[in-house]
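Visitor: Dumping the structure here so I can ask a few things about it.
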Amino acid sequence: MDLSFTDEEIAFRDEVRAFLDENLPKDLSDKVRVGGELDKDDMDRWHAILNAKGWLASGWPVEFGGPGWSPVEKHIFEEEAARANAPRIVPFGLAMLGPVLQKFGSKEQQDEILPRILDGSDWWCQGYSEPGAGSDLASLKTRAVRDGDHYVINGQKTWTTLGQFANKIFCLVRTKTDGKPQEGISFILVELDTPGIEMRPIKLIEGGHEVNEVFFTDVRVPVENLVGEENQGWTIAKFLLTHERTNIAGVGFSMKALEELKAQARRIKRGGRPLLENPLFAARVADVEIELEAMKITNLRMLYRAQTQGQPGPETSILKIKGTVIRQTLNDLSRRALGPAAAPFPSEEMFGNAALGEPEDVYAAAKYFNNRKLSIFGGSNEIQRNILTKAMLEL
Amino acid sequence: MDFSLTEDRRMLSDSLTRFLADKYAFDHRGKVAYDAPFHDPALWGEMAELGVLYALAPEKAGGFGGTGFDITTVFEALGRGLCPEPVLGTLMASKLLTAAGADQAGLLDGSRRYAVAIGELDAPYDLDNIATLAEDDKLSGRKSVVYGGNDADVFLVAARKGDALAVYEVTGTDAQVTGYGLIDGGGAAELFLDATPGTLLLDDAEAALTDALDAGRLALCAEAVGAMDATNEILLDYLRTRKQFGVAIGKFQALQHRAVDVVTEIEQARSITILAASRMGETDQSRAVSMAKTLTGRAARLVAEEAIQMHGGIAMTWEAAVSHFAKRLVMIDAQLGDVDFHLERVMAGYAA
Ligand SMILES: Cc1cc2nc3c(=O)[nH]c(=O)nc-3n(C[C@H](O)[C@H](O)[C@H](O)COP(=O)(O)OP(=O)(O)OC[C@H]3O[C@@H](n4cnc5c(N)ncnc54)[C@H](O)[C@@H]3O)c2cc1C
């Protein structure tokens with residue numbers, strides 16, 4: 001057994017590092033470092049830089065404009081990008097719809113849509129969840145009824161992440177009401193400026209705006225916008241969900257968060273000493289560091305299996321559960337390290353006022369509350385356990 | 001043995017609970033808790049008229065209570081109502097004024113708002129490392145996250161005077177006060193003192209400050225118990241009504257057992273808070289309070305995180321009451337000493 005990267009992998013890592021050193025704009029990495037909210041322009045700018053290098057669609061095969069990386073290379077890139085405080089690559093077009101179209105889309109759909117994802121012409125969002133259909137996605141009610149060469153859509157989607165920046169949405173809709181609920185679902189592409197669509201912001205627990213609800217009233221969509229076959233959407237949905245779960249361990253983000261937590265706990269004084277020297281606090285940091293070290297190897301073991309034996313299986317659910325909890329624990333410790341100094345509501349004036357504290361401190365509590373989402377979305381950790389119970393334990 | 005409240009306290013609890021439910025309902029809180037002055041000055045006055053503040057001071061100081069159980073009665077109701085009014089500062093100020101034998105009529109009738117400024121950035125919880133200096137009744141230093149300080153008339157400031165700690169009264173208009181809102185609602189301030197004039201209230205104030213801090217800590221435990229009860233009710237209601245896969249999610253055993261753990265932790269927190277309330281004024285007051293703050297801080301975070309998780313996405317929204325209870329429960333631990341600080345205080349007792 002050899003835990004080290006191969007020479008080629010190390011060379012690749014150095015190349016990625018050098019690229020990030022030279023090309024990641026400092027204003028963007030600063031914003032990411034302190035946990036500030038990125039706007040559309042920030043994310044578009046970073047996508048364009050990566051696209052120019054051919055590194056944007058890290059999971060796509062070469063024929064569609066991807067770099068053709070192995071799972072390990074993809075992992076190295078993600079880890080390095082997180083370490084450098086690069087903005088996260090927005091997943092909806094690149095990590096979700098892209099692979100779906102490559103597998104299920106028509107030639108026309110592939111030719112038209114994939115390049116527009118790469119060059120940033122389109123910003124996609126994901127219309128899966130509904131108020132009554134979360135974990136039980138198959139119970140979704142938004143209807144699409146065929147009328148000549150159009151589908152007419154009525155219903156409501158919710159939790160649409162970054163929908164405020166999007167011009168298109170891919171949706172799961174009900175095209176058949178009898179039979180098993182899974183068998184009457186279709187996957188359809190919708191332009192958000194179609195008449196009858198209304199998007200409303202949802203304010204989150206910490207005060208930010210990243211999700212929306214979307215209402216559809218008699219929205220007419222051309223039949224060509226269907227992906228795959230009518231009523232075969234569930235297969236696509238499941239395929240997409242496994243893609244949603246890749247890089248779900250978020251090892252790179254956690255490594256970064258651990259590094260910053262330690263720096264913070266060295267800077268903060270308690271009882272006249274750096275907090276990191278306090279045995280109780282240090283024990284908490286050590287606990288999560290040990291978990292993270294193990295997680296890194298668990299993650300690599302699963303990547304290795306994917307590389308040598310094809311797609312990873314249900315064990316990715318282990319990554320999701322552990323990975324999200326580790327990140328949440330790190331956020332929690334950072335908030336706790338600050339004590340009452342984490343209590344202020346983060347606002348522009350707080351952020352701009354150096355007298356009131358380090359910028360990264362201002363967002364510590366907001367980050368902790370916002371990241372409670374990690375164990376809820378993309379299939380909650382309870383649902384991941386249900387998956388593991390069936391698929392791995394066969395119980 | 002008798003775990004029931006006295007008649008007087010039960011009446012106080014009922015009237016405060018009803019008052020908060022009527023006048024401080026969730027909608028109203030949403031309107032006042034997150035915008036300056038981060039509380040409702042008019043309702044502050046009405047609440048004072050109910051006698052809530054008098055319950056926090058002993059008879060000899062003009063109040064009609066002031067015991068551990070008076071404190072827990074008031075704060076449990078405030079926690080249950082998720083009330084952002086700065087009552088904590090009033091309680092702690094009342095303790096200091098009582099120790100000084102000073103007049104506190106204005107404090108008890110609600111006409112003068114007090115904030116207590118002890119914590120500093122590098123010493124948010126403890127008295128040993130206070131750096132604010134007092135020389136010739138002039139104070140210099142910075143007090144950090146002074147709860148209620150954004151809208152206080154008077155600050156009671158802990159400062160180092162020679163080798164000992166002293167408490168000074170500083171008028172709000174004399175100091176530089178930067179107020180702001182808190183992530184869990186309510187307001188606080190940074191207090192910048194630069195040869196700011198103060199009036200000496202207490203010399204050799206360490207014991208009085210510890211007593212005020214302990215009272216505040218007990219209050220926070222009780223507030224947490226009240227907020228945990230309310231959170232648990234919201235959670236159980238949701239588990240019974242939210243349906244996925246054709247059944248109420250409360251039918252999933254994966255959630256049932258965790259909901260039971262939540263209730264167990266709340267009961268443990270309630271018990272240790274009762275214990276601490278009963279030890280107020282005894283020699284082991286500080287130790288009992290630290291035990292309570294440790295267990296309650298841990299339970300409060302568990303209840304908050306589990307309530308969010310078992311709600312799913314809806315608890316991530318601003319609109320849902322549970323998210324605001326969760327924020328308060330998590331942030332309560334950061335006030336007047338967190339889990340680790342108080343665990344250390346309990347552990348320190350083993351050395352003796
Ligand atoms: C910030 C955020 C962003 C999101 N972004 C998107 C997006 O862009 N697009 C999109 O389509 N969706 C998005 N989602 C929706 C997300 O996928 C759902 O919130 C998630 O699937 C959970 O559904 P729910 O919130 O309805 O919770 P529910 O399904 O109502 O679950 C409530 C609780 O019950 C538990 N539970 C449910 N069923 C079971 C079971 N069988 N066994 C045990 N426990 C169970 C859950 O784990 C949870 O704890 C987002 C959500 C959030 C919070």
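The values are calculated or read from the model by the stated rules, or taken from the named source; none is laboratory data. This structure is a prediction, so every number in the text was calculated from the model and none was measured. As a convention, Cβ positions derive from the backbone with ideal geometry for all residues, glycine included, and neighbour counts pool all protein chains shown. SASA here: full protein model, heavy atoms, side chains in, ligands and nucleic acids out. Shrake-Rupley method; radii C 1.70, N 1.55, O 1.52, S 1.80 Å.
Visitor: Taking only protein heavy atoms into account and a 1.4 Å probe, give the accessible area per residue of the protein assembly as shown in Å².
Guide: 42 Å²
Visitor: OK, next. Using θ = phi - 60° and the Karplus form 6.51 cos²θ - 1.76 cosθ + 1.60, what ³J(HN,Hα) does each residue of region B:208-224 get, whole Hz, x for Gly and Pro?
Guide: Rounded to whole hertz, the list is 5, 5, 4, 5, 5, 5, 4, 4, x, 5, 4, 4, 5, 4, 5, 4, 4.
Visitor: For region A:254-302, what size does the Cα cloud have along each of its three principal axes, sorted from largest down, in whole Å?
Guide: 44, 18, 8
Visitor: Do any trypsin sites (Lys or Arg not before Pro) in region A:121-163 lie in a loop, going by DSSP, with at most 15 other beta-carbon atoms within 10 Å of their beta carbon, and if so which?
Guide: A:Lys141
Visitor: Measure nothing but the geometry: give the 0 to 90° angle between the long axis through the Cα atoms of B:339-351 and the longest principal axis through the Cα atoms of chain B, rounded to 10°.
Guide: In chain B, helix B:339-351 runs at an angle near 70 degrees to the longest axis.
Visitor: Output the 0 to 90 degree angle, nearest 10, between the alpha-carbon long axis of helix A:279-309 and the longest principal axis computed from the alpha carbons of chain A.
Guide: With rounding to tens, the tilt is 40 degrees.
Visitor: List, by residue number, every residue in region A:199-230 with a reduction of 30 Å² or greater in accessible area between the chain on its own and the complete protein assembly, 1.4 Å probe.
Guide: Buried on complex formation: A:Lys203, A:Leu204, A:Ile205.
Visitor: Determine the total buried accessible area between chain B and chain A, counting protein heavy atoms only with a 1.4 Å probe; round to the nearest 100 Å².
Guide: Numbers: alone 15840 and 19460 Å², together 31380 Å².
Roughly 3900 Å² of accessible surface disappears when B and A pair.
Visitor: Across region B:28-37, in residue order, what do the Karplus-derived ³J(HN,Hα) couplings come to in whole Hz, using 6.51 cos²θ - 1.76 cosθ + 1.60 with θ = phi - 60° and x for Gly and Pro?
Guide: 5, 4, x, 6, 9, 6, 10, 10, 3, x
Visitor: In whole Hz, what ³J(HN,Hα) sequence does region B:108-117 give by Karplus (6.51, -1.76, 1.60; θ = phi - 60°), x for Gly and Pro?
Guide: 6, 8, x, 7, 10, 9, 10, 10, 9, 10
Visitor: Using only Cα atoms, find the angle between the long axis of helix B:87-100 and the longest principal axis of chain B, and express it within 0 to 90 degrees, rounded to the nearest 10.
Guide: 30 degrees
Visitor: Would you list, by chain and number, the lysines whose Cα falls below 18 Å from the Cα of B:Lys138, excluding same-chain residues fewer than 8 positions away?
Guide: Those lysines meeting the cut-off are B:Lys161.
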